[in-house]
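The values are calculated or read from the model by the stated rules, or taken from the named source; none is laboratory data. Since this is a predicted model, take the numbers as computed values, not measurements. Glycine gets a Cβ as well: all are built from the backbone with ideal geometry, and neighbour counts include every protein chain shown.
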Amino acid sequence: MLKVIAIVIFFILSIVVNVGHNPQHEYIGFKNWTHGDAPFVSGFKGFASLFVSASFAYGGTESITLTNGETENPIRNTPKIIRTVFWRILIFYVGSIFFIAMNVPYDYPGISSGSVITSSFTIVFQMAGSKSAGSFMNAVIMTSVISACNHALFAGSRVMYNMGLEGMLPAKIFCKTNRYKVPYVSVICTSLIGLLAFGSSFIGAGEVWTWLQNIVGVSNQIAWLCIGITSIRFRKGLEAQGLTDQLQFVNWTYPWGPWILVIFVSFIILVQGWSAFDPWNTKNFFSVYLELFVFPVCYLIWWIYKRDKFVKAEDMDFVTDRYVPTKDVIELNEKLDNLKGWPKYKQLVHEYVL
């Protein structure tokens, strides 16, 4: 909640600062969008170099699918979550970038130092006259870090546990649960990895952290690429077996959406290391493209070890572990679909906005 309040305050103050309540007492408008070399500093090469850090920041939105198996009513709740995530990204992520770009020039003194005092959010608060902006943003960042750690702990441990069930990790170790059904070994391992990542920020003046950030960013891109390919294959299998009418949640962008995702992410992965070629920089090259060597090697090793065969569309298994709604869930969904008047409007707001 603190993060949401901070963003709303930031939006309001950004407008106030932009229209003239700033140290220069002048209207800013969109001047910073054409200031100096803006909006594309260092040309396309500079623009492409930001893809990795942007992918790092946007990573995790795809993990909402991990909760599908634990939610009470995935038929209704999954579409709701997807819609709310879309609006949150559009408003909080894209909206914040929009206002930052309006008010803070790219060459603002010390903006690239990584300090909370010179973060773009803090600068806008200071422009509005706040003297405690740094402390306030520290509190917001702390809650954001805790929230991100909580998500990473859940997602990481859940993935490790499922990998154990699938035989990709030793099941006797990573599938151990306590009396509360918590996979504690997977949780401990995920926590240790997070602790190592936290400690890396104190090594080599943040250089190790930059490497980890790039690795995670590219890993997110590869995950999105795999999601696009999987979506295409999934729908091909349903079409081959005549099961498309049984989809509980239909992706309105199909068939062009997954293909755009695959093409666009592939393009990003290939061009984001442009700056490493001109001039040539071995360190920057491997920090961006290392995952492109590691991923196929890991895939080939697993494929050879398991002797997996390519599954044809007509042979895909859509029965095992399929979710079957209970009678209570079916009755609840029918009741919600038949609402009228004010209760119906409240339900729509709840499903599409909140």
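Going by what's in this entry, would residue 160 be described as over 24 Å from the mean Cα position of the chain (by Cα) and more than 30 Å from residue 10 (Cβ to Cβ)? Criteria not met by residue 160.
Among all residues of the stretch 235-248, there is at least one that is of a type in the set (S, T, N, Q), modelled with pLDDT of 90 or more and either within 17 Å of residue 316 (Cβ to Cβ) or in contact with a His (Cβ under 8 Å, 6 or more places away or on another chain) (or both). Set side by side, the residues 174, 198, 202 differ, and just one is more than 20 Å from the chain's Cα centre (by Cα), at pLDDT below 90 and aromatic (Phe, Trp, Tyr), which is 202. The set of residues in the stretch 274-295 that are under 20 Å from residue 222 (Cβ atoms), free of Cβ contacts under 8 Å to residues at least 24 places away in the same chain and surrounded by 11 or more Cβ atoms within 10 Å (Cβ to Cβ) comprises 276, 284, 285, 286, 294. At least 1 residues being hydroxyl-bearing (Ser, Thr, Tyr) is the threshold, and among the helices (runs of 4 or more DSSP H) wholly inside the stretch 14-94 those reaching it are 51-58, 74-88.
Being out of contact with any helix residue (DSSP H, G or I) (no Cβ under 7 Å at 6 or more places or on another chain), of a type outside the set (Ser, Thr, Tyr) and outside any loop (DSSP other than H, G, I, E, B): is that true of residue 142 here?
Judged against the criteria, residue 142 is a match.
Taking the stretch 30-45 as the range and being in contact with a helix residue (DSSP H, G or I) (Cβ under 7 Å, 6 or more places away or on another chain) and surrounded by 14 or more Cβ atoms within 10 Å (Cβ to Cβ) as the test, the residues that pass are 32, 38, 45. Of all the numbered requirements in (1) part of a helix (DSSP H, G or I); (2) surrounded by fewer than 17 Cβ atoms within 10 Å (Cβ to Cβ); (3) without any contact (Cβ under 8 Å) to a residue 60 or more places away in the chain, residue 182 misses one, and that requirement is (1). Just name the residue that is surrounded by the most Cβ atoms within 10 Å (Cβ to Cβ) out of those in the stretch 6-29 that are closer than 19 Å to residue 97 by Cβ and without any contact (Cβ under 8 Å) to a residue 60 or more places away in the chain. By that ranking, first place goes to 9.
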